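Notes for the one structure printed next.
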Amino acid sequence: MADSNDSVSVDMEKIYLGGKEHHVQTGRGSVSVIVCGDQDKPPLITYPDLALNHMSCFQGLFFFPEAASLLLHNFCIYHISPPGHELGAGEICEDDPSPSADDLADQILEVLNFFGLGAVMCMGVTAGAYILSLFALKYRERVLGLILISPLCKSPSWSEWFYNKVMSNLLYFYGMCGLLKECLLQRYFSKEVRGSAEVAESDIVQACRKLLDERQSNNVLRFLQAINRRPDITEGLKRLRCRTLIFVGDSSPFHSEALHMISKLDRRYSALVEVQACGSMVTEEQPHAMLIPMEYFFMGYGLYRPCQFSDSPRSPLSPSCISPELLSPESMGLKLKPIKTRIS
């Protein structure tokens, strides 16, 4: 066991959806990481949106059989929760300093070092996509690829800043109240699944609403404050050389933000998929729309979904194993312009 200055210490392990929970002590507090799969496989880390964790943000994707087959065949999954967002989390002490977005990105580095991981594939949703993008800019050698869902890259607009301040006041004075949950559900989902007076809300929205009840309002407030004070990372995006695949629902409040981000990324290494009739959280609302673009994206790394009749060997995922021709735009299998996917 290393000394207390290192990001080390596993406090406990629990079983969640076939994975084990590790509590990793970092210089910026404890972080919950759920590890799913064979740790000899290449690592894929996930980071959820505000007030969510892997159960409420990625369960739909990983319960979609074809996507689960693609991801778990090729990767060991490390679901990182924002501080105090894990299942059963207690309230973080008010005396602990609130983290900045930079602190949260640095925390990811400590988690990778704790598990002995080198370069990783990253998947994040909205606020989580911003944290992973910031991480990729700060520690480029530790990121092989980015899969970003309804991502942020600019500082908050005046309207987003004001909306976040309203949510902050609701959290501070009323906790996880009904009005706050409605604000968050509008952030995550399209009106088609949120329902109306005539149409009941969908099962995924009901499940998310129930999971929000378990969040500690002060913990959510700390993450929201970090995101509301985030710096603009637009200028750094051109320097990213890792491949980036962006998904965004056309009903997402952050649709224009995703279009701005893809316009700033190097077109040789990036692609955008717009999902119609979908909100921000494509992973939950329309996970099937992610499958084919992800398959083509991973082909560039020599990774494939297993065939029913073959047990293909593990594919190495490191820059030295990627042939130069696979880094060409055509190798992504995606046209470098928005792709419209439609629900049937």
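The values are calculated or read from the model by the stated rules, or taken from the named source; none is laboratory data. None of the values given here were measured: they were computed from a predicted structure. Note: ideal-geometry Cβ built from the backbone for every residue, glycine included; neighbour counts use all protein chains shown. These area figures cover heavy atoms from the full protein model, side chains too; ligands, DNA and RNA do not enter into them. Shrake-Rupley method; radii C 1.70, N 1.55, O 1.52, S 1.80 Å.
I'm trying to understand the selection: among the residues of the stretch 132-171, which are of a type in the set (S, T, N, Q) and touching a Leu at 6+ places or on another chain (Cβ under 8 Å)?
Scanning the stretch 132-171 gives SER133, ASN164, SER168.
Of ARG230, ARG187, which residue is modelled with pLDDT of 95 or more and assigned to a loop (DSSP other than H, G, I, E, B)?
Within the list ARG230, ARG187, the selection yields ARG230.
Could you please find all residues in the stretch 75-92 being crowded, with 21+ Cβ neighbours inside 10 Å and either outside any strand (DSSP E or B) or among the aliphatic types (A, V, I, L, M) (or both)?
PHE75, ILE77, ILE80, SER81, PRO82, PRO83, GLY84, HIS85, GLU86
So how many residues does the stretch 51-74 have that are closer than 24 Å to VAL31 by Cβ and in a loop (DSSP other than H, G, I, E, B)?
Looking only at that region, the number is 4.
Conditions tested, residue by residue: (1) open to solvent by 10 Å² or more (accessible area, probe 1.4 Å); (2) modelled with pLDDT under 95; (3) hydrophobic (A, V, I, L, M, F, W, C); (4) at negative phi.
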{"residue": "ARG28", "(1), (2), (3), (4)": "yes, yes, no, yes"}
{"residue": "TYR47", "(1), (2), (3), (4)": "no, no, no, yes"}
{"residue": "MET55", "(1), (2), (3), (4)": "yes, yes, yes, yes"}
{"residue": "PHE62", "(1), (2), (3), (4)": "yes, yes, yes, yes"}
{"residue": "HIS73", "(1), (2), (3), (4)": "yes, yes, no, yes"}
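Which number in (1) in a helix (DSSP H, G or I); (2) open to solvent by less than 10 Å² (accessible area, probe 1.4 Å); (3) of a type in the set (D, E, K, R) marks the one condition that ARG222 misses?
ARG222 satisfies every listed condition except (2).
Suppose the filter is modelled with pLDDT of 95 or more, in contact with a strand residue (DSSP E or B) (Cβ under 6 Å, 6 or more places away or on another chain), closer than 20 Å to TYR47 by Cα and outside any loop (DSSP other than H, G, I, E, B); does ILE147 pass it?
Criteria met by ILE147.
Just to be sure before I move on: is GLU192 of a type outside the set (Gly, Ala, Ser), touching a Cys at 6+ places or on another chain (Cβ under 9 Å) and farther than 22 Å from PRO82 by Cα in the structure I sent?
Yes, satisfied.
Would it be correct to say that ALA2 is open to solvent by less than 10 Å² (accessible area, probe 1.4 Å) and modelled with pLDDT under 95?
When the stated conditions are applied, ALA2 does not pass them.
Test SER270 against the stated conditions and say whether it is open to solvent by 30 Å² or more (accessible area, probe 1.4 Å) and either touching a residue at least 40 places away in the same chain (Cβ under 8 Å) or more than 30 Å from ILE92 (Cβ to Cβ) (or both).
Criteria not met by SER270.
Among LYS191, LYS210, which is basic (Lys, Arg), within 27 Å of CYS153 (Cα to Cα) and surrounded by fewer than 15 Cβ atoms within 10 Å (Cβ to Cβ)?
Step by step, each of LYS191, LYS210 is checked, and only LYS191 is basic (Lys, Arg), within 27 Å of CYS153 (Cα to Cα) and surrounded by fewer than 15 Cβ atoms within 10 Å (Cβ to Cβ).
For a quick check of your reading of the model, give me the residue pairs whose first member lies in the stretch 116-131 and is closer than 18 Å to PHE298 by Cα and in contact (Cβ under 8 Å) with a residue 60 or more places away in the chain, whose second is open to solvent by 10 Å² or more (accessible area, probe 1.4 Å) and of a type in the set (Gly, Ala, Ser), with beta-carbon atoms closer than 7 Å and at least 6 apart or on different chains.
Taking only residues 6 or more apart or on different chains, the pairs are ALA119/SER318.
Based on what the data block shows, is VAL275 modelled with pLDDT of 95 or more, of a type outside the set (S, T, N, Q) and touching a strand residue (DSSP E or B) at 6+ places or on another chain (Cβ under 8 Å)?
yes
For every residue, the table says whether it meets (1) surrounded by fewer than 24 Cβ atoms within 10 Å (Cβ to Cβ); (2) over 9 Å from the mean Cα position of the chain (by Cα).
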residue: LEU117; (1), (2): yes, yes
residue: THR126; (1), (2): no, no
residue: LEU132; (1), (2): no, no
residue: LEU152; (1), (2): no, yes
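List the number of the failed condition for LEU144; all other conditions in (1) surrounded by fewer than 24 Cβ atoms within 10 Å (Cβ to Cβ); (2) over 28 Å from TYR296 (Cα atoms) hold.
Going through the list (1) surrounded by fewer than 24 Cβ atoms within 10 Å (Cβ to Cβ); (2) over 28 Å from TYR296 (Cα atoms), LEU144 breaks only (2).
Test GLU160 against the criterion of being assigned to a helix (DSSP H, G or I), closer than 22 Å to THR283 by Cβ and either acidic (Asp, Glu) or modelled with pLDDT of 95 or more (or both), and give yes or no.
Yes, satisfied.
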